[in-house]
Amino acid sequence: MAPGDILPDFLTNTRLHPSFDEDIKDTHLIYDYDATDKDGNPEKWRYELWCFSEDRVVYAIHGGPMAGRINYQRATYQCIRPHELWQINWLEETGTVVSAVYDIPNSKITTLISFSEGHWKQAEAAHGDKRQKECLKRWRKLADVGNQVSRFMLSEQADIVEAFKGKGNLIPISESDPTF
């Protein structure tokens, strides 16, 4: 079977940079986006991302419209500048695409999240934990809402409030845990 025969699939011809183990593997980031609630009042959207392995991430969302979401995904990592900048990309069951740049020296995360229409407009249905079958089933239905261009594009920067190695409060996964 050739790459791309079964989708979703990932392809990168860029080899993982040798600084991966030091820079990002097993790195746990807790970061806050400055945002506003539906009434325009300032609030923080807290996200937590654990770069679990060379092809997996684990995360939880604690603030904003997606608060209450716990997930893990197959991901790709690309080194932009060793010990400084890394890009992390993944696709969600909801049809949402995430691309995040981890800026090590400036303690920032810069993201582009391309929410599927279902994920953005039915945010509460995207809450829960993938390990619960009913949550995963509900999430997959969100990908069927709208089409490839009916997306909410969210470009934001967040301040990293904590960076450390290890799982923290997140639940570890196995490399064999299915992502779709």
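The values are calculated or read from the model by the stated rules, or taken from the named source; none is laboratory data. This is a predicted model, so every value here is computed, not measured. Positions of Cβ are backbone-derived with ideal geometry, glycine not excepted, and every protein chain shown enters the neighbour counts. Just the protein is used for accessible areas: all its heavy atoms, side chains included, with ligands, DNA and RNA removed. Shrake-Rupley method; radii C 1.70, N 1.55, O 1.52, S 1.80 Å.
Identify the residue in region 156-175 that is in contact with a Ser or Thr (Cβ under 7 Å, 6 or more places away or on another chain) and over 16 Å from ALA67 (Cβ atoms) and, among all such residues, is least open to solvent (accessible area, probe 1.4 Å).
Restricting to residues being in contact with a Ser or Thr (Cβ under 7 Å, 6 or more places away or on another chain) and over 16 Å from ALA67 (Cβ atoms), the top hit is ILE160.
Out of all the residues in region 119-136, which are open to solvent by 50 Å² or more (accessible area, probe 1.4 Å) and more than 23 Å from SER99 (Cβ to Cβ)?
Narrowing region 119-136 to residues open to solvent by 50 Å² or more (accessible area, probe 1.4 Å): 120-122, 124, 131-134.
Correct list: GLU124, ARG131, GLN132, LYS133, GLU134.
With respect to VAL145, is the statement that it is surrounded by 12 or more Cβ atoms within 10 Å (Cβ to Cβ) and closer than 23 Å to PRO82 by Cβ true? Before the answer, list the steps.
On the way: surrounded by 12 or more Cβ atoms within 10 Å (Cβ to Cβ): yes; closer than 23 Å to PRO82 by Cβ: no.
Answer is no for this residue.
May I ask you to list the residues in region 51-84 that are acidic (Asp, Glu) and either within 15 Å of PRO178 (Cα to Cα) or without any contact (Cβ under 8 Å) to a residue 24 or more places away in the chain (or both)? Please lay out each step first, then the result.
Pass one, region 51-84, residues acidic (Asp, Glu): 54-55, 84.
Passing the criteria: ASP55, GLU84.
Quick check on this structure: which one of PRO178, PRO105 is outside any helix (DSSP H, G or I), surrounded by fewer than 13 Cβ atoms within 10 Å (Cβ to Cβ) and modelled with pLDDT of 95 or more?
Answer to the check: PRO105.
Restricting the first residue to region 134-151 and requiring it to be touching a residue at least 12 places away in the same chain (Cβ under 8 Å) and under 17 Å from PRO8 (Cα atoms), which pairs with a second residue that is open to solvent by 50 Å² or more (accessible area, probe 1.4 Å) and among the basic types (Lys, Arg) meet a Cβ separation below 6 Å and a spacing of at least six or different chains?
Between residues of region 134-151 that are touching a residue at least 12 places away in the same chain (Cβ under 8 Å) and under 17 Å from PRO8 (Cα atoms) and residues that are open to solvent by 50 Å² or more (accessible area, probe 1.4 Å) and among the basic types (Lys, Arg), there is no close pair.
Can you tell me how many residues within region 95-140 are closer than 15 Å to ALA158 by Cβ and either small (Gly, Ala, Ser) or touching a Pro at 6+ places or on another chain (Cβ under 9 Å) (or both)? Walk me through how you get there before you give the answer.
Within region 95-140, the subset closer than 15 Å to ALA158 by Cβ is 98-104, 106-113.
Right, trim to either small (Gly, Ala, Ser) or touching a Pro at 6+ places or on another chain (Cβ under 9 Å) (or both) and you get 99-100, 107.
Matching residues across region 95-140 total 3.
With (1) farther than 18 Å from THR27 by Cβ; (2) touching a helix residue (DSSP H, G or I) at 6+ places or on another chain (Cβ under 8 Å); (3) assigned to a loop (DSSP other than H, G, I, E, B) as the list, and HIS83 as the residue in question, which single condition is left unmet?
Only one criterion in (1) farther than 18 Å from THR27 by Cβ; (2) touching a helix residue (DSSP H, G or I) at 6+ places or on another chain (Cβ under 8 Å); (3) assigned to a loop (DSSP other than H, G, I, E, B) is unmet by HIS83, namely (1).
Looking at TRP139 and the list (1) surrounded by 20 or more Cβ atoms within 10 Å (Cβ to Cβ); (2) of a type outside the set (Ser, Thr, Tyr); (3) outside any helix (DSSP H, G or I), which single condition is not satisfied?
In the conditions (1) surrounded by 20 or more Cβ atoms within 10 Å (Cβ to Cβ); (2) of a type outside the set (Ser, Thr, Tyr); (3) outside any helix (DSSP H, G or I), TRP139 misses (3) alone.
Every residue in region 108-118 that is in contact with a strand residue (DSSP E or B) (Cβ under 6 Å, 6 or more places away or on another chain) and open to solvent by less than 50 Å² (accessible area, probe 1.4 Å), please.
Hits for region 108-118 are ILE109, THR111, ILE113, SER114, PHE115.
Quick check on my filter: what residues within region 93-102 are aliphatic (A, V, I, L, M) and surrounded by fewer than 20 Cβ atoms within 10 Å (Cβ to Cβ)? Reasoning before the result, please.
Looking only at region 93-102, we keep the residues that are aliphatic (A, V, I, L, M), and these are 97-98, 100-101.
The answer is VAL97, VAL101.
Within region 24-46, is even one residue touching a helix residue (DSSP H, G or I) at 6+ places or on another chain (Cβ under 8 Å), open to solvent by 50 Å² or more (accessible area, probe 1.4 Å), touching a residue at least 12 places away in the same chain (Cβ under 8 Å) and assigned to a loop (DSSP other than H, G, I, E, B)? Steps first, please.
So the first thing to find is which residues in region 24-46 are touching a helix residue (DSSP H, G or I) at 6+ places or on another chain (Cβ under 8 Å), and the list is none.
No.
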